[in-house]
Amino acid sequence: MEELSLSDNLLTGELPSSMGAMTNLRSLDLNDNNFTGSIPASIGSLKSLTYLNLCLTNLAGTIPTTITKLRHLSHLE
């Protein structure tokens, strides 16, 4: 899978750390959901990611330093 869009679904709960296993993912859109918790550190494993949208997700906490591993990321919301 290269693209995953779950925007505008009012999803709840925490983002799983297993999301880091989607290593071929280029686009991840989680906009407009009701997530809790923080961005998992495993996000740094998504090395092919170019687009990441976390707007209006209700995530809290600090941005994990592993996000700096996303060398191809060109769009972050």
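The values are calculated or read from the model by the stated rules, or taken from the named source; none is laboratory data. None of these values were measured; they are calculated from a predicted model. Counting neighbours? That spans all protein chains shown, and the Cβs are built from the backbone with ideal geometry, glycine included. Side chains are part of the model used for accessible areas, which takes the heavy atoms of the whole protein and leaves out ligands, DNA and RNA. Shrake-Rupley method; radii C 1.70, N 1.55, O 1.52, S 1.80 Å.
In the chain, what percent of the accessible surface is made up of carbon and sulfur (1.4 Å probe, ligands and nucleic acids excluded)?
The nonpolar share, carbon plus sulfur, comes to 51 percent.
Between S27 and K47, with labels modelled 7 Å along Cα→Cβ, what's the label distance in nm to one decimal, could you check?
The two pseudo-label positions are separated by 2.3 nm.
Taking only Cα atoms and a 10 Å spring cutoff, compute GNM fluctuations for the chain and point out the largest among T62, T12, T23.
T62
Just to confirm, what accessible area per residue do you get for the chain at 1.4 Å probe, in whole Å²? Intermediate results must be reported in sequence, preceding the final value.
Values: 4580 Å² over 77 residues.
With all protein chains present, the chain gives 59 Å² per residue.
Net charge around N9, counting only other residues with Cβ within less than 12 Å of its Cβ (Lys, Arg = +1; Asp, Glu = -1)? Display every interim value, and only then the final one.
On the way: positive: none; negative: D8, D29, D32.
Here the charged neighbours net out to -3.
Can you give the local net charge around Y51? Use residues other than it whose beta-carbon is closer than 12 angstrom to its beta-carbon, Lys and Arg +1, Asp and Glu -1.
Within the 12 Å Cβ shell, the charges total -3.
Distance in nm between label sites at M1 and S38, each 7 Å beyond Cα in the beta-carbon direction?
2.5 nm
Relative contact order of the chain: what whole-number percent is it, with Cα pairs under 8 angstrom and at least 6 residues apart? Don't skip to the end; give the middle numbers.
Details: 188 pairs, mean separation 23.4, N = 77.
Relative contact order here is 30 percent.
Could you work out which residue, out of S18, S27, S42, moves most in a Gaussian network model of the chain, that is, has the largest mean-square fluctuation with Cα springs under 10 Å?
S18
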